[in-house]
Amino acid sequence: MADFFSDGYSIDTLLAAAATGFGGAVVPPIVQTSLFSFDNYQAFEDRMAGRSDDPLYTRVQNPTVAVLEKMVAEAEQGDAAVAFASGMAAISSTIFALVKPGDRIACVEHVYPDAYRLFERLLRPFGVEITYHSVEELESSPDLLRGAKLAYLESPNTVVFQAMDLPRVAAHAKKHGTLTVIDNSWATPVFQRPLTLGIDIVLHSASKYLSGHSDTVAGIVIARAELIDRIRDLSLSLLGGKLAPFEAFLLTRGLRTLGARMRQHQASANFFVDNLSRHSLVKRVLSPGPNTVPGLTGRSGLLSVELDDTINIPNFADALKLFRLGVSWGGFESLILPTQIALNQSGEENSLQRFGVSGRIVRLSLGLEDPADLWADFETALSQSAK
Ligand SMILES: *Cc1c(COP(=O)(O)O)cnc(C)c1O
């Protein structure tokens with residue numbers, strides 16, 4: 001495939017033009033097979049000896065999945081990518097390939113709740129040290145990462161959506177030989193390409209904007225070839241969290257419209273941020289705008305609001321007609337997630353409790369409905385639920 005960015009094309013052109021590698025087929029076939037057989041002894045031996053890279057077994061390599069990997073690698077301006085069965089499989093597989101007992105991970109505060117649980121419940125008991133740092137600390141303390149094997153970043157981070165100066169943090173990390181990993185699910189390569197800002201590894205929950213249709217769970221990691229080879233060889237082979245060919249097909253389909261969808265999400269988010277910031281029953285709007293940090297060029301449809309104390313949040317949620325209640329985000333449908341529900345979740349201390357998120361915050365995922373319809377619904381529910 002041509003290197004579309006070096007040809008000066010935009011990401012929209014790249015995703016529309018991405019070839020499937022199956023002759024003239026503009027859509028990749030779903031190669032639904034577990035194994036690939038060989039024509040003769042020599043071809044099989046060459047593959048096993050690493051002298052060819054013909055597909056061998058779908059746990060590690062599959063042609064439909066390879067089309068997806070190539071599309072996302074190009075979109076993120078990376079060398080290579082490896083897809084996984086979920087965003088969490090992408091996160092855990094990346095970390096297990098790079099970290100060993102005794103190493104330290106420096107993590108941004110307000111990290112995705114299940115990434116936090118991975119660090120606290122699985123990695124810490126295995127002897128990996130984890131330290132948490134605010135965005136400001138990561139930006140302003142050049143020596144914070146001294147001795148850290150890996151910096152685990154999200155920008156913006158979860159629920160409170162604080163954006164980070166990535167070139168600055170990447171420069172601090174380089175000084176200490178710390179690898180930087182960022183979860184770029186919020187911005188997508190349409191609005192932020194961290195590899196071009198000095199970050200080493202980008203990963204996504206592809207269940208969100210990359211797929212965009214709330215019909216699949218998937219993850220993907222993008223980086224220079226040597227890191228992707230290591231993650232594929234160690235984690236994909238040995239932990240086995242592979243993406244199914246059918247899910248990869250759904251993702252290649254979703255990706256064709258990523259740019260158009262992100263622009264519509266952005267238009268709705270801009271409209272909401274304008275209206276919300278002028279509303280007397282809204283205390284705070286949490287949504288980083290374009291150019292608030294270097295390299296962030298747009299605003300996605302995932303944002304939070306802190307509601308006035310006079311709003312009864314359960315009544316507000318139930319008064320909404322167009323916003324559904326649920327986890328996840330990034331699809332065509334609008335959703336709300338009241339943080340109080342997450343704060344009341346059973347089990348061990350969760351990341352929202354740990355990092356002190358207010359129960360008055362409601363997260364919104366603005367879908368692809370008409371923004372005026374959405375706003376009318378939101379405003380009516382607000383006024384109906386004020387005491
Ligand atoms: C959903 C999500 C994940 C986890 O992805 P899954 O595909 O659900 O495993 C990771 N990071 C962020 C920011 C997410 O929103």
Fill in the blank from the handout: As a Kirkwood estimate from alpha-carbon pairs, segment 258-385 has a hydrodynamic radius in angstrom of 15.1
Practice task
Kindly express, to the nearest 10 degrees and within the range 0 to 90, the angle between helix 258-277's C-alpha long axis and the longest C-alpha principal axis of the chain.
Solution key: 20
Completion exercise
Contact order relative to length for the chain, counting C-alpha pairs under 8 Å separated by 6 or more residues, stands in percent at 17
Exercise for the section: May I ask you to give the solvent-accessible area per residue for segment 3-255, in square angstrom, as obtained with a 1.4 angstrom probe? Expected result: 40
Handout entry: Order by protection proxy (mean Cβ within 10 Å, highest first), peptides 359-366, 321-328, 267-274
Key = 359-366, 267-274, 321-328
Fill in the blank from the handout: Lys and Arg at +1, Asp and Glu at -1: neighbours of PHE44 with Cβ under 15 Å from its Cβ sum to -3
Problem - Anchor LYS208: lysines whose Cα lies under 19 Å away (excluding residues fewer than 8 positions away in-chain) - result: LYS70, LYS242
Handout entry: Charge dipole (segment 258-385, unit charges on Cβ, about Cα centre) - positive-most of GLN345, SER328, ALA260
Key = ALA260
Handout entry: Kirkwood Rh, angstrom, segment 161-289 [1 / mean 1/r, Cα pairs]
Key = 16.9
Problem - For segment 3-255, alpha-carbon Rg over 2.2 N^0.38 Å - result: 1.02
Handout entry: Relative intensity, log₁₀ I(q)/I(0), of segment 1-70 from a Debye sum that treats every alpha carbon as a point, q = 0.12, 0.20, 0.25, 0.29 Å⁻¹
Key = -0.44, -0.91, -1.10, -1.25
Handout entry: Cβ-Cβ FRET estimate between GLN32 and ASP7, R0 fixed at 35 Å, reported to 0.05
Key = 0.55
Handout entry: Folded to 0 to 90 degrees: helix 63-75 orientation relative to the chain principal axis, Cα
Key = 60
Practice task
Work out the length of the dipole vector of segment 258-385 about its Cα centre, built from +1 on the beta-carbon of each Lys and Arg and -1 on the beta-carbon of each Asp and Glu, and round it to the nearest 20 debye.
Solution key: 340
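If I compute solvent accessible area with a 1.4 Å probe over the protein chains, what percent of it on segment 258-385 is carbon and sulfur?
50
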Completion exercise
Once Lys and Arg are counted +1 and Asp and Glu -1 for all other residues with Cβ under 12 Å from that of GLU129, the total becomes +2
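The values are calculated or read from the model by the stated rules, or taken from the named source; none is laboratory data. Computed from a predicted model, the values in this text were never measured in an experiment. As a convention, Cβ positions derive from the backbone with ideal geometry for all residues, glycine included, and neighbour counts pool all protein chains shown. Side chains included, ligands, DNA and RNA excluded: accessible areas come from the protein's heavy atoms. Shrake-Rupley method; radii C 1.70, N 1.55, O 1.52, S 1.80 Å.
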